[in-house]
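The structure appears right after this line, and notes come after that.
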Amino acid sequence: MRKVSSQPLLSVRDVPKSSRWYQQVLDAESAHGGEEYERLTVDGELVLQLHELEEGHHHGTLAKPGVAL
């Protein structure tokens, strides 16, 4: 049977700062790094993705800037 796992993604205002905080809290490692997007892993397994709130790329923003999160 194929393993299925969640891949949570949070929109944040500051990806590097949020990444450092989640790395400490979750004892996670950076698997991507960057100003706009980050992947955090624990023991090689993806546990969290962080995405810049106002960065739209090709898909539009993931939240409305100016609206409380």
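The values are calculated or read from the model by the stated rules, or taken from the named source; none is laboratory data. Small disclaimer: the values here were computed from a predicted structure and weren't measured. Every residue, glycine among them, receives a Cβ derived from its backbone with ideal geometry; neighbour counts consider all protein chains shown. Note: areas computed on protein heavy atoms with side chains; ligands, DNA, RNA excluded. Shrake-Rupley method; radii C 1.70, N 1.55, O 1.52, S 1.80 Å.
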Once both label points are put 7 Å beyond Cα along the C-beta direction, the residue 49-residue 6 separation in nm becomes 1.5 nm
Among 12, 40, 1, whose Cα projects farthest towards the positive end of the dipole of region 1-42, with charges put on the beta-carbon of Lys, Arg (+1) and Asp, Glu (-1)?
1
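Starting from the residue with the highest accessible area, list 5, 19 in decreasing order, probe 1.4 Å.
Most to least solvent-accessible, the answer reads 5, 19.
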When every protein chain stays in place and a 1.4 Å probe is rolled, 25, 47, 4, 15 sorted by accessible area with the largest first are 4, 25, 47, 15
Neighbours of residue 42 by Cβ distance under 9 Å: Lys/Arg at +1, Asp/Glu at -1, summed charge -4
Between the modelled labels at residue 20 and residue 42 (7 Å from Cα along Cα→Cβ) the distance in nm is 2.2 nm
